[in-house]
Amino acid sequence: WFLTSLGSLEPLHRAILGGDSRAVEAILRRMLLQHASYHDVAETQDEAFYHAFTLGLLVTLESTHAVRSNRESGGGRADLLIVPKQRGLPGVVLEFKRGGASTTLAAHARSAVKQAVVKRYTAELEAAGATPISVLGVAFSGKDVAVRKG
């Protein structure tokens, strides 16, 4: 049912594992517009909806990668880590931010990247032999999204 409803997740997986922030942004925006309710993404909601939504889209990577939510890595806790099960495969840190009226979504996404880099959320990926490693900051507001790469 899930894949029938959303279509193939391969383009999203390829974009995330390839660190293609523009493609990830376009795909997530399309999915939110098509599948999320206004009530799901209302201003009263926090980033938890977006976090769970994205996690759900990525768990099908489990054949090649461990997808871990709120995992301690480096000097903090990354929102999502995509850790390769085999050395030499790509790894990804995804850090989420809820957008606000005072700052652009792009600025929030850049802030998420900075947080992941400063706190070295890539440590677990490095230990697993991931290559390359991408850090993606993902900022959401309503059904809009911005993704930036670090």
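The values are calculated or read from the model by the stated rules, or taken from the named source; none is laboratory data. The model shown is predicted, which means the values in this text are computed figures rather than measured ones. Every residue, glycine among them, receives a Cβ derived from its backbone with ideal geometry; neighbour counts consider all protein chains shown.
Considering the range 31-137, the qualifying helices (runs of 4 or more DSSP H), each wholly inside and each with 2 or more residues that are modelled with pLDDT under 90, surrounded by 15 or more Cβ atoms within 10 Å (Cβ to Cβ) and of a type outside the set (G, A, S), run over 48-58. Taken over the range 1-28, the criterion of being at pLDDT below 95, not in a helix (DSSP H, G or I) and not hydroxyl-bearing (S, T, Y) is satisfied by W1, G7, L9.
Answer yes if at least one residue in the range 70-79 is farther than 19 Å from M31 by Cβ and basic (K, R), and no otherwise. Looking for residues that are farther than 19 Å from M31 by Cβ and basic (K, R), one finds at least one in the range 70-79, hence yes.
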